[in-house]
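Asker: If you scroll down you'll find the structure; I have some questions about it.
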Amino acid sequence: MDILIIDDEKIIRDATTQLVEDAGHYAETATDSSTALQALKESPFHLALLDVNLGRENGLDLLAEIQRLHPQLPVVVFTAAATIKTAVEAMRRGALDFLEKPFSEAQLSIVLSRVQKHRKLAERVVELQTQVASQSPEPVFDSASPAVKEVLEVLFRAASTPASILILGESGTGKSVAARAVHQRSARADKAFVTVNCPSLSKELLESELFGHTKGAFTGAVRDHWGKVKAAESGTLFLDEIGELPLELQPKLLRLLQDREYERVGENTTRSADVRIIAATNRDLKKAVEAGTFREDLYYRLNVITVEMPPLRRRPDDLLLFAEKFREFFASQFGRPVRSFASAARHQILAHGWPGNLRELRNAVERAVILAHGKEIAAAELPSPGGNAVVGAGGDAAAAGNVPMVGTAVSLEDLESAHIKALLKTLPNLADVARVLGIDQATLYRKRKKLGLD
(Lines give C-alpha, C1' and ligand atoms only; values in the text may rest on other atoms or scores of the structure.)
Protein backbone atom coordinates (compact mmCIF):
# COMPACT_ATOMS: atom_id res chain seq x y z
CA MET A 1 0.00 0.00 0.00
CA ASP A 2 0.99 3.64 -0.51
CA ILE A 3 0.65 5.37 2.87
CA LEU A 4 0.75 9.07 3.74
CA ILE A 5 2.04 9.81 7.27
CA ILE A 6 0.90 13.20 8.61
CA ASP A 7 2.69 14.29 11.78
CA ASP A 8 4.42 17.49 12.86
CA GLU A 9 7.14 15.68 14.85
CA LYS A 10 10.10 14.52 12.75
CA ILE A 11 11.08 11.71 15.11
CA ILE A 12 7.55 10.25 14.88
CA ARG A 13 7.45 10.63 11.09
CA ASP A 14 10.81 8.88 10.70
CA ALA A 15 9.97 6.06 13.11
CA THR A 16 6.55 5.44 11.55
CA THR A 17 8.06 5.54 8.05
CA GLN A 18 10.56 2.86 9.08
CA LEU A 19 7.80 0.63 10.49
CA VAL A 20 5.66 1.07 7.38
CA GLU A 21 8.54 0.29 5.01
CA ASP A 22 9.62 -2.70 7.12
CA ALA A 23 6.07 -4.03 6.66
CA GLY A 24 6.58 -3.86 2.88
CA HIS A 25 4.64 -0.66 2.12
CA TYR A 26 5.59 2.68 0.55
CA ALA A 27 5.56 5.73 2.86
CA GLU A 28 5.46 9.45 2.21
CA THR A 29 5.27 12.16 4.87
CA ALA A 30 3.60 15.53 5.47
CA THR A 31 4.03 17.95 8.37
CA ASP A 32 0.78 19.92 8.28
CA SER A 33 -2.60 20.31 6.56
CA SER A 34 -1.36 22.17 3.49
CA THR A 35 1.46 19.74 2.66
CA ALA A 36 -0.83 16.78 3.34
CA LEU A 37 -3.58 18.05 1.03
CA GLN A 38 -1.02 18.89 -1.65
CA ALA A 39 0.44 15.36 -1.44
CA LEU A 40 -3.07 13.85 -1.71
CA LYS A 41 -3.76 16.05 -4.72
CA GLU A 42 -0.58 14.97 -6.51
CA SER A 43 -0.61 11.23 -5.79
CA PRO A 44 -3.17 8.54 -4.95
CA PHE A 45 -2.75 6.88 -1.54
CA HIS A 46 -4.34 3.79 -0.03
CA LEU A 47 -4.16 5.04 3.58
CA ALA A 48 -3.47 8.16 5.62
CA LEU A 49 -1.96 7.98 9.12
CA LEU A 50 -2.95 11.23 10.81
CA ASP A 51 -1.81 12.73 14.14
CA VAL A 52 -4.58 14.54 16.03
CA ASN A 53 -2.13 17.16 17.34
CA LEU A 54 -0.48 18.93 14.40
CA GLY A 55 1.23 21.75 16.27
CA ARG A 56 -1.24 24.62 16.19
CA GLU A 57 -3.61 22.70 13.94
CA ASN A 58 -6.31 20.22 14.92
CA GLY A 59 -5.87 16.94 13.08
CA LEU A 60 -9.62 16.27 13.33
CA ASP A 61 -10.27 19.35 11.19
CA LEU A 62 -7.89 17.95 8.57
CA LEU A 63 -9.69 14.60 8.85
CA ALA A 64 -12.95 16.32 7.91
CA GLU A 65 -11.28 17.97 4.91
CA ILE A 66 -9.78 14.66 3.76
CA GLN A 67 -13.21 13.02 4.06
CA ARG A 68 -14.70 15.78 1.92
CA LEU A 69 -12.05 15.73 -0.81
CA HIS A 70 -11.15 12.02 -0.74
CA PRO A 71 -14.19 10.18 0.70
CA GLN A 72 -12.85 6.73 -0.29
CA LEU A 73 -9.48 7.16 1.46
CA PRO A 74 -9.28 5.32 4.81
CA VAL A 75 -7.72 7.36 7.63
CA VAL A 76 -6.20 6.00 10.85
CA VAL A 77 -5.83 8.60 13.60
CA PHE A 78 -3.15 8.47 16.29
CA THR A 79 -2.25 10.69 19.21
CA ALA A 80 -0.13 10.68 22.36
CA ALA A 81 -3.10 11.90 24.38
CA ALA A 82 -5.52 9.07 23.75
CA THR A 83 -8.88 9.42 25.42
CA ILE A 84 -12.23 7.75 24.84
CA LYS A 85 -13.68 11.12 23.86
CA THR A 86 -11.00 11.71 21.23
CA ALA A 87 -11.37 8.20 19.82
CA VAL A 88 -15.16 8.52 19.59
CA GLU A 89 -14.91 11.91 17.90
CA ALA A 90 -12.35 10.60 15.39
CA MET A 91 -14.51 7.63 14.49
CA ARG A 92 -17.58 9.85 14.26
CA ARG A 93 -15.80 12.04 11.74
CA GLY A 94 -14.98 9.03 9.59
CA ALA A 95 -11.68 7.60 10.84
CA LEU A 96 -11.33 3.90 10.13
CA ASP A 97 -9.24 3.16 13.25
CA PHE A 98 -7.38 4.72 16.17
CA LEU A 99 -3.84 4.21 17.55
CA GLU A 100 -2.30 5.53 20.75
CA LYS A 101 1.31 6.79 20.56
CA PRO A 102 3.78 5.34 21.12
CA PHE A 103 2.60 2.26 19.23
CA SER A 104 4.56 -0.90 18.58
CA GLU A 105 5.31 -2.60 15.29
CA ALA A 106 2.79 -5.31 16.21
CA GLN A 107 0.04 -2.75 16.90
CA LEU A 108 0.68 -0.98 13.60
CA SER A 109 0.75 -4.34 11.79
CA ILE A 110 -2.70 -5.20 13.13
CA VAL A 111 -4.10 -1.87 11.94
CA LEU A 112 -2.50 -2.17 8.48
CA SER A 113 -3.90 -5.69 8.14
CA ARG A 114 -7.37 -4.36 9.00
CA VAL A 115 -7.02 -1.60 6.42
CA GLN A 116 -6.02 -4.10 3.73
CA LYS A 117 -9.09 -6.21 4.50
CA HIS A 118 -11.23 -3.09 4.28
CA ARG A 119 -9.64 -2.20 0.93
CA LYS A 120 -10.19 -5.69 -0.50
CA LEU A 121 -13.82 -5.61 0.60
CA ALA A 122 -14.33 -2.23 -1.07
CA GLU A 123 -12.72 -3.52 -4.28
CA ARG A 124 -14.97 -6.58 -4.17
CA VAL A 125 -18.04 -4.39 -3.82
CA VAL A 126 -17.00 -2.36 -6.88
CA GLU A 127 -16.33 -5.59 -8.78
CA LEU A 128 -19.77 -6.98 -7.92
CA GLN A 129 -21.45 -3.70 -8.86
CA THR A 130 -19.67 -3.82 -12.21
CA GLN A 131 -20.81 -7.40 -12.77
CA VAL A 132 -24.41 -6.54 -11.94
CA ALA A 133 -24.30 -3.53 -14.26
CA SER A 134 -22.93 -5.68 -17.08
CA GLN A 135 -25.67 -8.28 -16.65
CA SER A 136 -28.67 -5.97 -16.36
CA PRO A 137 -29.56 -2.80 -18.25
CA GLU A 138 -29.61 0.48 -16.40
CA PRO A 139 -33.02 1.16 -14.84
CA VAL A 140 -35.04 3.07 -17.43
CA PHE A 141 -36.20 6.32 -15.90
CA ASP A 142 -36.14 8.74 -18.81
CA SER A 143 -39.47 9.78 -20.24
CA ALA A 144 -40.88 11.85 -23.04
CA SER A 145 -44.42 11.24 -21.79
CA PRO A 146 -46.21 14.28 -20.29
CA ALA A 147 -48.09 11.98 -17.89
CA VAL A 148 -44.87 10.46 -16.57
CA LYS A 149 -43.16 13.85 -16.35
CA GLU A 150 -46.03 15.03 -14.17
CA VAL A 151 -45.59 11.99 -11.89
CA LEU A 152 -41.84 12.58 -11.64
CA GLU A 153 -42.33 16.24 -10.80
CA VAL A 154 -44.55 15.29 -7.85
CA LEU A 155 -42.13 12.60 -6.67
CA PHE A 156 -39.06 14.79 -6.86
CA ARG A 157 -40.78 17.69 -5.10
CA ALA A 158 -41.72 15.31 -2.29
CA ALA A 159 -38.26 13.71 -2.18
CA SER A 160 -36.78 16.40 0.06
CA THR A 161 -39.54 15.98 2.65
CA PRO A 162 -40.02 13.13 5.17
CA ALA A 163 -43.53 12.43 3.84
CA SER A 164 -44.58 8.85 3.12
CA ILE A 165 -45.14 8.11 -0.55
CA LEU A 166 -47.51 5.60 -2.15
CA ILE A 167 -46.74 4.57 -5.75
CA LEU A 168 -49.53 2.85 -7.65
CA GLY A 169 -49.37 1.11 -10.99
CA GLU A 170 -49.41 -2.18 -12.86
CA SER A 171 -46.58 -4.67 -12.48
CA GLY A 172 -43.53 -3.73 -14.48
CA THR A 173 -44.25 0.01 -14.75
CA GLY A 174 -41.14 1.02 -12.80
CA LYS A 175 -42.49 1.58 -9.28
CA SER A 176 -39.35 0.30 -7.56
CA VAL A 177 -37.15 2.38 -9.88
CA ALA A 178 -39.22 5.45 -8.99
CA ALA A 179 -38.87 4.68 -5.27
CA ARG A 180 -35.09 4.44 -5.55
CA ALA A 181 -34.98 7.69 -7.55
CA VAL A 182 -36.85 9.44 -4.72
CA HIS A 183 -34.35 8.08 -2.20
CA GLN A 184 -31.40 9.24 -4.29
CA ARG A 185 -32.82 12.76 -4.41
CA SER A 186 -33.54 12.93 -0.69
CA ALA A 187 -31.40 14.01 2.26
CA ARG A 188 -31.08 10.27 3.05
CA ALA A 189 -29.33 9.43 -0.22
CA ASP A 190 -26.10 8.40 1.51
CA LYS A 191 -27.95 5.97 3.78
CA ALA A 192 -29.47 2.57 3.05
CA PHE A 193 -32.33 1.90 0.64
CA VAL A 194 -33.92 -1.32 1.93
CA THR A 195 -36.61 -3.28 0.07
CA VAL A 196 -39.19 -5.63 1.59
CA ASN A 197 -41.27 -7.69 -0.82
CA CYS A 198 -44.49 -8.14 1.14
CA PRO A 199 -45.97 -11.19 -0.70
CA SER A 200 -42.74 -13.19 -0.58
CA LEU A 201 -43.02 -14.57 2.98
CA SER A 202 -45.55 -15.98 5.43
CA LYS A 203 -47.02 -13.65 8.06
CA GLU A 204 -44.67 -14.93 10.77
CA LEU A 205 -41.53 -14.70 8.67
CA LEU A 206 -42.52 -11.34 7.22
CA GLU A 207 -42.97 -9.88 10.71
CA SER A 208 -39.48 -11.06 11.64
CA GLU A 209 -38.09 -9.81 8.33
CA LEU A 210 -39.56 -6.37 8.98
CA PHE A 211 -39.07 -5.85 12.70
CA GLY A 212 -36.50 -8.50 13.70
CA HIS A 213 -36.72 -11.08 16.50
CA THR A 214 -34.96 -12.22 19.66
CA LYS A 215 -33.34 -15.57 20.26
CA GLY A 216 -35.99 -18.19 21.07
CA ALA A 217 -38.90 -16.04 19.84
CA PHE A 218 -40.07 -18.96 17.68
CA THR A 219 -38.87 -22.32 16.44
CA GLY A 220 -35.67 -21.80 14.50
CA ALA A 221 -34.84 -18.42 16.09
CA VAL A 222 -31.41 -19.52 17.30
CA ARG A 223 -30.00 -15.98 17.59
CA ASP A 224 -31.12 -12.37 17.78
CA HIS A 225 -31.98 -10.84 14.42
CA TRP A 226 -32.30 -7.19 13.44
CA GLY A 227 -34.95 -6.68 10.77
CA LYS A 228 -35.22 -4.46 7.74
CA VAL A 229 -36.50 -1.51 9.78
CA LYS A 230 -33.21 -1.43 11.66
CA ALA A 231 -31.24 -1.96 8.44
CA ALA A 232 -32.97 1.10 6.95
CA GLU A 233 -32.19 3.35 9.94
CA SER A 234 -31.73 6.96 8.74
CA GLY A 235 -32.50 5.74 5.21
CA THR A 236 -35.51 4.58 3.21
CA LEU A 237 -37.67 1.49 3.68
CA PHE A 238 -39.43 0.45 0.45
CA LEU A 239 -42.45 -1.81 0.96
CA ASP A 240 -43.15 -3.42 -2.41
CA GLU A 241 -46.67 -4.77 -3.05
CA ILE A 242 -47.97 -3.28 0.21
CA GLY A 243 -51.47 -4.41 -0.79
CA GLU A 244 -50.44 -7.98 0.05
CA LEU A 245 -49.38 -7.15 3.62
CA PRO A 246 -51.23 -9.54 5.99
CA LEU A 247 -54.01 -7.84 7.95
CA GLU A 248 -52.44 -8.93 11.26
CA LEU A 249 -49.25 -6.95 10.53
CA GLN A 250 -50.96 -3.78 9.40
CA PRO A 251 -51.42 -2.29 12.94
CA LYS A 252 -47.67 -2.68 13.55
CA LEU A 253 -46.83 -0.91 10.31
CA LEU A 254 -49.33 1.83 11.21
CA ARG A 255 -47.54 2.31 14.54
CA LEU A 256 -44.21 2.58 12.73
CA LEU A 257 -45.64 5.21 10.39
CA GLN A 258 -47.38 7.24 13.10
CA ASP A 259 -45.10 6.95 16.11
CA ARG A 260 -41.82 5.77 14.55
CA GLU A 261 -41.83 2.93 17.06
CA TYR A 262 -41.71 -0.87 16.82
CA GLU A 263 -40.86 -4.00 18.79
CA ARG A 264 -38.93 -7.05 17.69
CA VAL A 265 -40.75 -10.37 17.77
CA GLY A 266 -40.33 -11.94 21.21
CA GLU A 267 -39.44 -8.82 23.21
CA ASN A 268 -41.32 -6.02 24.98
CA THR A 269 -38.72 -3.31 24.45
CA THR A 270 -40.05 -0.42 22.38
CA ARG A 271 -37.52 0.86 19.86
CA SER A 272 -37.54 4.04 17.84
CA ALA A 273 -36.92 4.18 14.10
CA ASP A 274 -35.81 7.00 11.83
CA VAL A 275 -36.91 5.70 8.43
CA ARG A 276 -38.63 7.19 5.40
CA ILE A 277 -41.30 4.83 4.07
CA ILE A 278 -42.21 4.45 0.41
CA ALA A 279 -44.83 1.85 -0.51
CA ALA A 280 -45.97 0.49 -3.86
CA THR A 281 -48.80 -1.71 -5.04
CA ASN A 282 -50.59 -2.87 -8.18
CA ARG A 283 -53.80 -3.37 -6.22
CA ASP A 284 -56.70 -0.96 -5.77
CA LEU A 285 -56.31 -0.20 -2.06
CA LYS A 286 -59.67 1.60 -1.87
CA LYS A 287 -61.39 -1.61 -2.93
CA ALA A 288 -59.23 -3.57 -0.49
CA VAL A 289 -60.40 -1.23 2.30
CA GLU A 290 -64.02 -1.78 1.26
CA ALA A 291 -63.43 -5.54 1.22
CA GLY A 292 -61.94 -5.44 4.71
CA THR A 293 -58.52 -6.75 3.67
CA PHE A 294 -56.70 -3.45 4.19
CA ARG A 295 -57.04 -1.11 7.16
CA GLU A 296 -58.59 2.23 6.35
CA ASP A 297 -56.39 4.13 8.84
CA LEU A 298 -53.25 2.59 7.34
CA TYR A 299 -54.44 3.47 3.84
CA TYR A 300 -54.89 7.13 4.76
CA ARG A 301 -51.57 7.19 6.60
CA LEU A 302 -49.80 5.88 3.49
CA ASN A 303 -51.81 8.12 1.19
CA VAL A 304 -49.94 11.36 1.96
CA ILE A 305 -48.27 11.68 -1.44
CA THR A 306 -49.76 9.30 -4.02
CA VAL A 307 -48.80 8.93 -7.67
CA GLU A 308 -49.64 6.37 -10.34
CA MET A 309 -47.07 5.15 -12.84
CA PRO A 310 -48.83 4.98 -16.21
CA PRO A 311 -48.60 1.68 -18.13
CA LEU A 312 -46.53 1.56 -21.31
CA ARG A 313 -49.60 1.44 -23.54
CA ARG A 314 -50.36 4.98 -22.38
CA ARG A 315 -46.78 6.12 -23.00
CA PRO A 316 -46.25 5.82 -26.77
CA ASP A 317 -43.58 8.52 -26.66
CA ASP A 318 -41.51 6.27 -24.39
CA LEU A 319 -41.89 2.95 -26.18
CA LEU A 320 -39.26 3.45 -28.88
CA LEU A 321 -36.96 5.25 -26.44
CA PHE A 322 -37.00 2.28 -24.05
CA ALA A 323 -36.77 -0.28 -26.85
CA GLU A 324 -33.64 1.43 -28.19
CA LYS A 325 -32.01 1.45 -24.75
CA PHE A 326 -32.67 -2.28 -24.34
CA ARG A 327 -31.45 -3.01 -27.88
CA GLU A 328 -28.17 -1.16 -27.26
CA PHE A 329 -27.58 -2.97 -23.98
CA PHE A 330 -28.29 -6.51 -25.20
CA ALA A 331 -26.46 -6.02 -28.50
CA SER A 332 -23.39 -5.03 -26.47
CA GLN A 333 -23.83 -7.79 -23.89
CA PHE A 334 -24.24 -10.57 -26.47
CA GLY A 335 -21.78 -9.15 -29.01
CA ARG A 336 -24.50 -8.96 -31.68
CA PRO A 337 -24.26 -6.47 -34.59
CA VAL A 338 -27.90 -5.38 -34.15
CA ARG A 339 -27.95 -1.63 -34.75
CA SER A 340 -31.59 -0.72 -35.23
CA PHE A 341 -35.21 -1.79 -35.58
CA ALA A 342 -36.72 -2.17 -39.02
CA SER A 343 -39.49 0.30 -39.83
CA ALA A 344 -42.15 -2.42 -39.54
CA ALA A 345 -40.70 -3.50 -36.20
CA ARG A 346 -40.96 0.06 -34.87
CA HIS A 347 -44.58 0.21 -35.96
CA GLN A 348 -45.22 -3.13 -34.28
CA ILE A 349 -43.69 -1.93 -31.02
CA LEU A 350 -46.08 1.02 -31.03
CA ALA A 351 -49.07 -1.16 -31.93
CA HIS A 352 -48.44 -3.80 -29.24
CA GLY A 353 -50.22 -3.27 -25.91
CA TRP A 354 -47.36 -4.47 -23.64
CA PRO A 355 -49.50 -5.82 -20.79
CA GLY A 356 -46.28 -6.78 -18.98
CA ASN A 357 -45.00 -3.21 -19.37
CA LEU A 358 -41.22 -2.66 -19.06
CA ARG A 359 -40.50 -6.25 -18.07
CA GLU A 360 -42.25 -7.58 -21.16
CA LEU A 361 -40.57 -5.03 -23.44
CA ARG A 362 -37.15 -5.86 -21.96
CA ASN A 363 -37.63 -9.59 -22.49
CA ALA A 364 -39.02 -9.11 -25.99
CA VAL A 365 -36.07 -6.97 -27.10
CA GLU A 366 -33.57 -9.34 -25.49
CA ARG A 367 -35.08 -12.25 -27.45
CA ALA A 368 -35.20 -10.19 -30.66
CA VAL A 369 -31.51 -9.24 -30.39
CA ILE A 370 -30.58 -12.90 -29.93
CA LEU A 371 -32.68 -14.09 -32.88
CA ALA A 372 -32.06 -11.20 -35.29
CA HIS A 373 -30.66 -12.38 -38.65
CA GLY A 374 -28.84 -9.19 -39.52
CA LYS A 375 -28.22 -5.66 -38.35
CA GLU A 376 -31.92 -4.90 -37.98
CA ILE A 377 -34.60 -6.38 -35.76
CA ALA A 378 -37.50 -7.46 -37.97
CA ALA A 379 -41.17 -7.28 -37.02
CA ALA A 380 -41.39 -11.09 -37.05
CA GLU A 381 -38.90 -11.19 -34.17
CA LEU A 382 -41.19 -9.16 -31.89
CA PRO A 383 -44.58 -9.94 -30.29
CA SER A 384 -47.42 -9.28 -32.71
CA PRO A 385 -50.40 -7.11 -31.75
CA GLY A 386 -52.59 -10.15 -32.45
CA GLY A 387 -50.79 -12.39 -29.94
CA ASN A 388 -51.08 -11.89 -26.21
CA ALA A 389 -51.07 -8.13 -26.56
CA VAL A 390 -53.38 -5.60 -25.05
CA VAL A 391 -54.03 -3.21 -27.89
CA GLY A 392 -56.21 -0.54 -26.33
CA ALA A 393 -55.05 2.47 -24.38
CA GLY A 394 -57.55 1.46 -21.74
CA GLY A 395 -56.13 -2.04 -21.57
CA ASP A 396 -58.94 -4.00 -23.29
CA ALA A 397 -57.66 -7.35 -24.47
CA ALA A 398 -58.17 -8.20 -28.09
CA ALA A 399 -60.96 -10.66 -28.62
CA ALA A 400 -59.47 -14.11 -29.07
CA GLY A 401 -59.00 -14.96 -32.72
CA ASN A 402 -60.50 -11.68 -34.00
CA VAL A 403 -57.26 -9.80 -34.64
CA PRO A 404 -55.70 -10.56 -38.04
CA MET A 405 -52.22 -12.06 -37.85
CA VAL A 406 -49.36 -11.24 -40.20
CA GLY A 407 -48.61 -14.23 -42.41
CA THR A 408 -52.08 -15.79 -42.14
CA ALA A 409 -54.78 -15.96 -44.81
CA VAL A 410 -56.09 -12.43 -44.38
CA SER A 411 -56.61 -9.55 -46.80
CA LEU A 412 -54.43 -6.44 -46.84
CA GLU A 413 -57.51 -4.36 -46.10
CA ASP A 414 -58.23 -6.34 -42.92
CA LEU A 415 -54.59 -6.08 -41.84
CA GLU A 416 -54.57 -2.35 -42.49
CA SER A 417 -57.83 -1.88 -40.63
CA ALA A 418 -56.59 -3.80 -37.57
CA HIS A 419 -53.28 -1.94 -37.55
CA ILE A 420 -54.87 1.52 -37.80
CA LYS A 421 -57.45 0.61 -35.17
CA ALA A 422 -54.71 -0.49 -32.75
CA LEU A 423 -52.77 2.72 -33.31
CA LEU A 424 -55.89 4.86 -32.82
CA LYS A 425 -56.41 3.21 -29.43
CA THR A 426 -52.76 3.28 -28.40
CA LEU A 427 -51.56 6.73 -29.50
CA PRO A 428 -52.86 9.97 -27.95
CA ASN A 429 -53.74 11.90 -31.14
CA LEU A 430 -54.23 11.59 -34.89
CA ALA A 431 -50.98 13.41 -35.69
CA ASP A 432 -48.99 10.66 -33.96
CA VAL A 433 -50.97 7.94 -35.73
CA ALA A 434 -50.28 9.56 -39.11
CA ARG A 435 -46.59 9.93 -38.26
CA VAL A 436 -46.26 6.24 -37.37
CA LEU A 437 -48.09 5.18 -40.53
CA GLY A 438 -45.95 7.49 -42.66
CA ILE A 439 -48.93 9.34 -44.15
CA ASP A 440 -50.44 12.80 -43.74
CA GLN A 441 -53.54 13.43 -41.63
CA ALA A 442 -55.75 13.99 -44.67
CA THR A 443 -54.87 10.51 -45.97
CA LEU A 444 -55.48 9.06 -42.51
CA TYR A 445 -58.92 10.72 -42.46
CA ARG A 446 -59.84 9.13 -45.82
CA LYS A 447 -58.63 5.69 -44.69
CA ARG A 448 -60.59 5.92 -41.43
CA LYS A 449 -63.71 6.87 -43.36
CA LYS A 450 -63.21 4.08 -45.90
CA LEU A 451 -62.58 1.45 -43.19
CA GLY A 452 -65.41 2.67 -40.98
CA LEU A 453 -63.07 3.70 -38.15
CA ASP A 454 -64.52 7.16 -37.48
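Asker: Mind checking which lysines have their Cα closer than 23 Å to the Cα of Lys375? Skip sequence neighbours fewer than 8 apart in that chain.
Answerer: Those lysines meeting the cut-off are Lys325.
Asker: Summarise the long-distance tail of P(r) for segment 238-318 by giving the % of C-alpha pairs beyond 16 Å. Spell out each step's value before the answer.
Answerer: Values: 1880 of 3240 pairs.
Value for segment 238-318: 58 percent of Cα pairs lie more than 16 Å apart.
Asker: Another question about this same structure. Where does the chain land on the Kirkwood hydrodynamic radius, alpha-carbon pairs, in angstrom?
Answerer: In the chain this quantity evaluates to 26.9 Å.
Asker: With a point put 7 Å past each Cα toward its Cβ, work out how far Thr293 is from Ile370 in nm, to one decimal.
Answerer: Between Thr293 and Ile370, the label points sit 3.4 nm apart.
Asker: Helix-derived [θ] at 222 nm for the chain: sum -39500 (n - 2.57) over DSSP H runs of at least 4, divide by residue count, nearest 500? Before the final figure, lay out each step's value.
Answerer: Values: 18 runs with 212 residues, N = 454.
Calculated at 222 nm, the ellipticity per residue is -14500 deg cm²/dmol.
Asker: How high is the FRET efficiency from Thr35 to Arg114, r the C-beta distance, R0 25 Å, rounded to 0.05?
Answerer: Details: r = 26 Å, r/R0 = 1.06.
FRET efficiency, Thr35 to Arg114: 0.40.
Asker: Please compute the net charge surrounding Lys230, taking Lys and Arg as +1 and Asp and Glu as -1 over other residues with Cβ under 10 Å from its Cβ. Mind dumping the intermediate values first?
Answerer: On the way: positive: Lys228, Arg264, Arg271; negative: Glu233.
Charge balance near Lys230 sits at +2.
Asker: May I ask you to give the solvent-accessible area per residue for the chain, in square angstrom, as obtained with a 1.4 angstrom probe?
Answerer: On the way: 23400 Å² over 454 residues.
Dividing the accessible area of the chain by its residue count gives 52 Å².
Asker: Counting only protein heavy atoms, what percent of the accessible surface of segment 130-271 is carbon or sulfur at a 1.4 Å probe?
Answerer: That fraction is 49 percent.
Asker: Okay, moving on. Place a label point 7 angstrom from the Cα of Asn282 along the Cα-to-Cβ direction, then list the residues of segment 232-249 whose backbone nitrogen is under 14 Å away.
Answerer: In segment 232-249, the label zone of Asn282 (backbone N under 14 Å from the point 7 Å along Cα→Cβ) covers 240-244.
Asker: Moving on to the next point. Rounded to the nearest 0.05, what FRET efficiency do Asn363 and Arg93 have when you use their Cβ-Cβ distance and R0 = 56 Å?
Answerer: Numbers: r = 48 Å, r/R0 = 0.85.
Efficiency computed from Cβ-Cβ geometry: 0.75.
Asker: Hey, if we sort Ser343, Ser143 by accessible area with the 1.4 Å probe, largest down, what's the order? All intermediate terms of the calculation are to be shown ahead of the outcome.
Answerer: Numbers: Ser343 75, Ser143 25 Å².
Solvent-accessible surface, decreasing: Ser343, Ser143.
Asker: Check segment 219-311 and count each lysine pair with an alpha-carbon distance under 24 angstrom, considering only pairs eight or more places apart or from different chains.
Answerer: Details: Lys228/Lys252; Lys230/Lys252; Lys252/Lys286; Lys252/Lys287.
For segment 219-311, qualifying lysine pairs total 4.
Asker: Quick one: if the Förster radius is 60 Å, what FRET efficiency do Gln67 and Ala378 give, using the C-beta to C-beta distance and rounding to 0.05? Could you put the intermediate results ahead of the total?
Answerer: Details: r = 55 Å, r/R0 = 0.91.
So the FRET efficiency works out to roughly 0.65.
Asker: Now, a different point. Could you give the nm distance between label points at Arg271 and Leu321, where each point is 7 Å from its Cα heading toward the beta carbon?
Answerer: Using points 7 Å along Cα→Cβ, the separation is 4.2 nm.
The values are calculated or read from the model by the stated rules, or taken from the named source; none is laboratory data. Keep in mind that what you see is a predicted model, and the values were worked out from it rather than measured. A quick note on method: Cβ atoms are made from the backbone with ideal geometry, for glycine too, and the neighbour counts reach across all protein chains shown. Note: areas computed on protein heavy atoms with side chains; ligands, DNA, RNA excluded. Shrake-Rupley method; radii C 1.70, N 1.55, O 1.52, S 1.80 Å.
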